[in-house]
Amino acid sequence: MASFVDIPSFFFLLLLLLLCFYPCSSTKHAGCFSKIYSFGDSLTDTGNTHSSEELMAFSHVSEPPYGMTYFHRPTNRFSDGRLVIDFLAQTLGFPLLPPYRDSTADFSHGVNFAVAGGTAIDDEFYVLNRIFNKITFNNALESLQTQLDWFTEFVEGVECKGISLNECKKKMKNALFWVGEIGANDYTRIYGSSFRPDRVRDMAVANTIKFLRAVVGKGAKYIIVQGMPPTGCMAATMAMNKFMPKDDSGCIAGSNQNAALHNKLLLEKLNQFRQQNPGVVVLYADFFNAYLYVQKNARKYGFQEPFKTCCGYGGGLYNFDMKSTCGYPGATKPCTDPTKYINWDGVHLTEAMYSKLASLFFNQSYCQPSFDQLIKSKKCVH
Ligand SMILES: *[C@@H]1O[C@H](CO)[C@@H](O)[C@H](O)[C@H]1NC(C)=O
């Protein structure tokens, strides 16, 4: 009699062991998604932009000390090291995502379409309305629409070449879509013009939703949308608005209010989008509150400088000079220990900060619904 019980229970145990040890052994979520497709601006760009292209300020991304921490060379990431998208790739057990514009790259684990300076609103709109920001931008920036065009080009020309539409959609359903922060550059672009921020907000959010509709139309089923950070806490904003009122986190109140309003509208529209697309799982990555949480607990996280740039010029409260930004030949040098700084170059963050944010997004509750729930809804074994 005993053997009748023992044999099935032996197999049951074996199954349990296999379930537990096989996928958990290397990376917790390895094998969960087939690919990552990523979009956004310089906070997500892993190399689509090079120095001297398009941007006037922050045009030294191909120069040291960019990349000094993890890569030990510039990789055209706007940081000393990895970005949130890099930590997401590593969390899923993938190699780091190559930029779309690197034609020699291996795209078998996904593609990063994010591009520095990227706006939510089409560049044509700004050009037609003669809105040119003199501080940071030239004209002809890539917008979210460009990234959608690149994605379409990739899907039609590579990923789904020669297969049916249905097969293609099935592939897309197995991928994770990361829509990194987009919109901050739109507000920068209208700086000093008579164009109103609330108009930008409406248009930028509408374009983001239009973009989501387009990727869902191609089969996307799992999407994480990242909101705007508290832009009023960036060293560049603080240095250029020294005499503006501060909020209780010590940042420029107006700029943070603007980002909060943007996120509020984005969330409203995301909720509508969820109702209209019940089969799609949409997470909101709360960049704004995650950032402020780390800043409030800066010491606990090992940060000694919540505001000052690690890589800048001029010293003082912010160590930021618009005419001499990070990587500018001769003038700037990085701090000795970037892990003690939240801000890298005035506008972008250090790898240390991105790593803390990634942990809040992917290990804690700063995605709504949570990243764990996403993994469960994908029915990944772990
Ligand atoms: C999440 O937590 C695990 C276990 O502590 C850690 O290994 C991993 O690096 C964390 N992920 C992120 C993105 O911080």
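The values are calculated or read from the model by the stated rules, or taken from the named source; none is laboratory data. Keep in mind the model is a prediction, meaning the values are calculated, not measured. A quick note on method: Cβ atoms are made from the backbone with ideal geometry, for glycine too, and the neighbour counts reach across all protein chains shown. Calculation scope for accessible area: heavy atoms of the full protein, side chains included, ligands and nucleic acids excluded. Shrake-Rupley method; radii C 1.70, N 1.55, O 1.52, S 1.80 Å.
Of all the numbered requirements in (1) basic (K, R); (2) modelled with pLDDT of 95 or more; (3) in a loop (DSSP other than H, G, I, E, B), K242 misses one, and that requirement is (2). Scanning region 266-285 for residues that are open to solvent by less than 50 Å² (accessible area, probe 1.4 Å) and farther than 14 Å from I223 by Cα returns a single hit, L266. Return the residues of region 212-221 that are open to solvent by 10 Å² or more (accessible area, probe 1.4 Å) and farther than 16 Å from E268 by Cα; say none if nothing qualifies. Selection gives A214, V216, G217, K218, K221. If you check P65, P74 for being at pLDDT 95 or above, touching a Gly at 6+ places or on another chain (Cβ under 6 Å) and more than 16 Å from the ligand (Cβ to nearest atom), only one passes: P74.
Which one is most open to solvent (accessible area, probe 1.4 Å), of the residues in region 332-356 that are under 17 Å from C233 (Cβ atoms), more than 14 Å from the ligand (Cβ to nearest atom) and among the hydroxyl-bearing types (S, T, Y)? Going through the qualifying residues, I end up with Y341.
Residues of region 93-121 that are surrounded by 24 or more Cβ atoms within 10 Å (Cβ to Cβ) and among the acidic types (D, E): none at all. Once region 357-382 is narrowed to residues that are within 17 Å of N289 (Cα to Cα) and open to solvent by 50 Å² or more (accessible area, probe 1.4 Å), the residue that is nearest to the ligand (Cβ to nearest atom) is N363.
Contact map, region 69-92: residues that are open to solvent by 10 Å² or more (accessible area, probe 1.4 Å) paired with residues that are of a type in the set (F, W, Y) and in a helix (DSSP H, G or I), Cβ distance under 8 Å, separation 6+ or inter-chain. Pairs shown: R82/Y354; F87/Y354; F87/F362; T91/F362. Got a sec? Which of D198, D202, D186 is open to solvent by less than 20 Å² (accessible area, probe 1.4 Å) and part of a helix (DSSP H, G or I)? Exactly one residue qualifies, and that residue is D186.
Looking across region 330-359 at every residue that is under 22 Å from the mean Cα position of the chain (by Cα) and basic (K, R), the one that is farthest from K308 (Cα to Cα) is identified as K356. Listed by first and then second residue, the pairs with beta-carbon distance under 6 Å, at least 6 apart or on different chains, first residue in region 195-211 and within 16 Å of N271 (Cα to Cα) and aliphatic (A, V, I, L, M), second open to solvent by less than 50 Å² (accessible area, probe 1.4 Å) and in a helix (DSSP H, G or I), are V205/L265; V205/L266; I209/F273. I'd like to check something: does region 117-131 contain any residue that is away from the ligand (no atom under 16 Å from the Cβ) and under 15 Å from Y37 (Cα atoms)? No: zero hits. If you go through region 289-339 and keep only what is in contact with a Phe, Trp or Tyr (Cβ under 6 Å, 6 or more places away or on another chain) and more than 23 Å from S59 (Cα to Cα), you end up with A290, V294, E305. Taking the stated definitions as given, is G302 farther than 21 Å from A116 by Cβ, assigned to a loop (DSSP other than H, G, I, E, B), away from the ligand (no atom under 16 Å from the Cβ) and open to solvent by 30 Å² or more (accessible area, probe 1.4 Å)? For G302, the condition - farther than 21 Å from A116 by Cβ, assigned to a loop (DSSP other than H, G, I, E, B), away from the ligand (no atom under 16 Å from the Cβ) and open to solvent by 30 Å² or more (accessible area, probe 1.4 Å) - is not met.
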